[in-house]
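Read the structure below first, then the notes.
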Amino acid sequence: MPHPDLEAPADLLVETAYAKVNVALHVRRRRDDGYHALESLFVFADHGDRLEGEADDEGAIDLVIDGPFATALDAGPRNLVMRAAKALQDYLGTERGARLRLTKMLPVASGIGGGSADAAATLRLLVRLWDVRVEPAELAALALDLGSDVPACVASVTQIVSGRGEELARHGVAGLEGRPMLMVNPGVAVSTAAVFAGWDRQDRGPLSADSIERLVTQGRNDLEEPAIALAPAIADVLAMLNGQAGLTLARMSGSGATCFALFDDDVAMGRAAAAIGADRPEWWTMETRIRSA
Ligand SMILES: C[C@@](CO)(OP(=O)(O)O)[C@H](O)COP(=O)(O)OP(=O)(O)OC[C@H]1O[C@@H](n2ccc(N)nc2=O)[C@H](O)[C@@H]1O
Ligand SMILES: Nc1ncnc2c1ncn2[C@@H]1O[C@H](COP(=O)(O)OP(=O)(O)O)[C@@H](O)[C@H]1O
């Protein structure tokens, strides 16, 4: 029988805010509204931040944050969890509230959409907690208002994402889901807007994501170069990952600075994580696998 303290109370709901990884990120053009038109294969890790919540019948939204990266954030109205909760409350015109706890496991402003995933997890959790039905198109519109990556994070499954982040198409790639994935961050936060501003405006062509081989040989992250210009440690992470045995692909995710590597098997990933941890103990690493739907 489980220990009683380990059992969550029946009225407490839990969601995982899965880390996002851009296996390839092709920037095609700068749009008139200042955003960039992208083509990207998004996958999600099997790990992420943890969000729990229970109903508050007074209608208040309250957030506490704990976990390894809690100090990088405050729990005020600009937090994406708070913004998502308020946006849903306003949309529904509901009197219901929630007491939320975010356990921040993912580094902040690091190209793996931690804040976006938190916002999406908040929407999922509150829809369950308040027992409401929101049309998928309405939820997607609320999500896009919170950030370009939030619509894709709502389902958190492998997708081709284009436009600013609002055009989503589920997309399987044989052999990708379930694959061991190591994520490494050198501890520098980079601003997404600053990285996009450094893009050289050269369209290097569309994305083909029909096989892992194509993703490896023809896929790119067009933001790697401007991100490395702002945070040279990213080049050290990529060099270290590329030097590991049993590796299929190493690349930066999003606007950085987190990089990921796909491995042939768990043993190869474990050896790489141990070697990197021994050499650069100050870097953040996470051993995970690509989430399946
Ligand atoms: C680059 C990507 C790729 O998945 O990931 P991250 O690095 O954030 O993880 C995303 O497109 C980021 O999405 P997100 O972090 O939600 O960005 P937003 O808050 O919407 O935008 C922040 C700023 O980035 C720039 N931006 C963002 C998205 C986009 N398609 N074009 C842009 O130029 C804009 O300057 C915008 O003001
Ligand atoms: N709950 C949250 N978690 C992470 N970042 C948040 C959160 N709420 C607001 N932010 C802000 O959102 C920005 C982007 O965060 P995040 O989604 O983690 O970055 P990225 O998508 O680049 O990995 C950060 O500058 C951060 O200060």
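Brief remarks on what is shown
- Residue-by-residue Karplus 3J(HN,Hα) for segment 16-23, coefficients 6.51, -1.76, 1.60, Hz, glycine and proline x: 9, 9, 5, 5, 9, 10, 8, 5
- Pairs of alpha carbons in the chain separated by more than 29 Å make up 34% of all such pairs.
- Top of Ser40, Ser156, Ser191 by mean-square fluctuation, Gaussian network on the chain, Cα under 10 Å: Ser191
- As a calculated quantity, the FRET efficiency between Glu177 and Ser208 at R0 = 22 Å, using C-beta atoms, amounts to about 0.75.
- Kirkwood hydrodynamic radius (C-alpha pairs) into Stokes-Einstein, segment 123-179, 37 °C and 0.692 mPa s, D in µm²/s: 263
- Projecting label points 7 angstrom from Cα along Cα→Cβ for Trp283 and Ala72 puts them 1.6 nm apart.
- Paramagnetic reach from Val132 (point 7 Å along Cα→Cβ, amide N under 15 Å) across segment 140-164: 140-143
- Once all protein chains are placed together, Ile228 keeps about 50 Å² accessible to a 1.4 angstrom probe.
- Of Leu88, Leu73, Leu41, the one that fluctuates the most in a GNM where the chain has Cα springs shorter than 10 Å: Leu73
- Label-to-label distance for Ala194 and Ala293 is 3.9 nm, based on points extended 7 Å past Cα in the beta-carbon direction.
- Shape category assigned to segment 152-293 from the gyration tensor of Cα positions, a/c cut at 1.5: oblate
- For the chain, adding -39500 (n - 2.57) for each run of n ≥ 4 DSSP H residues and dividing by the number of residues yields -9000 deg cm²/dmol at 222 nm.
- Overall shape of segment 4-170 was characterised from the C-alpha gyration tensor. The equivalent ellipsoid obtained from it has semi-axes of 27, 18, 14 Å, in decreasing order.
- Segment 59-80 and segment 127-149 have Cα centres spaced 20 Å apart.
The values are calculated or read from the model by the stated rules, or taken from the named source; none is laboratory data. All figures in this text were calculated on a predicted structure; none of them were measured in a lab. Positions of Cβ are generated from backbone atoms using ideal geometry, with glycine treated the same way; all protein chains shown enter the neighbour counts. Ligands, DNA and RNA are excluded from the accessible area calculation, which covers all protein heavy atoms including side chains. Shrake-Rupley method; radii C 1.70, N 1.55, O 1.52, S 1.80 Å.
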